[in-house]
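The values are calculated or read from the model by the stated rules, or taken from the named source; none is laboratory data. If you're wondering where the values come from, they're calculated on a predicted model, not measured in any experiment. Cβ atoms come from the backbone with ideal geometry, glycine included; neighbour counts cover every protein chain shown.
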Amino acid sequence: MASTTRDLDRMRAAILAGDLEAVGTLAEGNALRMHADMLASEPPLLYWNAATLAAMTTVHELRAAGTGTWFTIDAGPQVKAICAPEDADTVAAALAATPGVQQVLRAAPGPAARLVDPVA
């Protein structure tokens with residue numbers, strides 16, 4: 001619980017500061033810890049497949065080569081890559097060329113939060 005509170009505080013600060021590296025590092029670490037817990041459960045759960053590992057490796061290779069990208073994975077085999085808009089083409093092309101990757105979808109942040117009138 002303490003690590004969750006700590007990470008949430010760090011994530012909020014990173015988002016407010018526009019610190020993509022901190023956001024990505026926190027997201028990637030939390031995804032890996034969640035999957036580690038799942039692997040250690042009784043019975044163990046493993047959602048990853050060969051393409052999941054290949055995509056994770058691609059993201060690590062991109063980052064090692066200087067492209068700021070990090071992955072997250074929900075409870076399934078699909079890898080989500082987080083990157084700056086200017087790196088999206090590079091990241092998408094590298095993931096599309098990764099063996100086993102069937103499809104690359106791109107998404108971007110939506111508009112800023114705003115208040116709306118409640119529906120009566």
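So which residues in the stretch 47-62 are surrounded by fewer than 20 Cβ atoms within 10 Å (Cβ to Cβ) and out of contact with any Gly (no Cβ under 8 Å at 6 or more places or on another chain), if there are any at all?
First, pick out the residues of the stretch 47-62 that are surrounded by fewer than 20 Cβ atoms within 10 Å (Cβ to Cβ): 47-51, 53-54, 56-57, 60-61.
TRP48, LEU53, MET56, THR57, HIS60, GLU61, listed by residue number.
Output the residues belonging to the stretch 1-35 that are small (Gly, Ala, Ser), within 16 Å of MET56 (Cα to Cα) and out of contact with any Cys (no Cβ under 9 Å at 6 or more places or on another chain). If you could, list the steps in order and put the result at the bottom.
Initial filter on the stretch 1-35 (small (Gly, Ala, Ser)): 2-3, 13-14, 17-18, 22, 24, 27, 29, 31.
When the remaining residues are screened for being within 16 Å of MET56 (Cα to Cα), the result is 24, 27, 29, 31.
Of everything in the stretch 1-35, those that are small (Gly, Ala, Ser), within 16 Å of MET56 (Cα to Cα) and out of contact with any Cys (no Cβ under 9 Å at 6 or more places or on another chain) turn out to be ALA27, GLY29, ALA31.
Answer with yes or no whether PRO43 is more than 26 Å from GLN102 (Cα to Cα) and part of a loop (DSSP other than H, G, I, E, B). Steps first, please.
Details: more than 26 Å from GLN102 (Cα to Cα): yes; part of a loop (DSSP other than H, G, I, E, B): yes.
Yes.
Against the list (1) assigned to a loop (DSSP other than H, G, I, E, B); (2) small (Gly, Ala, Ser); (3) over 14 Å from the mean Cα position of the chain (by Cα), the condition ALA51 fails is (1). If you go through the stretch 54-74 and keep only what is of a type in the set (D, E, K, R) and over 11 Å from the mean Cα position of the chain (by Cα), you end up with GLU61, ARG63. Residues that are under 13 Å from the mean Cα position of the chain (by Cα), closer than 13 Å to MET56 by Cα, at pLDDT 95 or above and surrounded by 11 or more Cβ atoms within 10 Å (Cβ to Cβ): does the stretch 94-116 have at least one? No, that holds for no residue.
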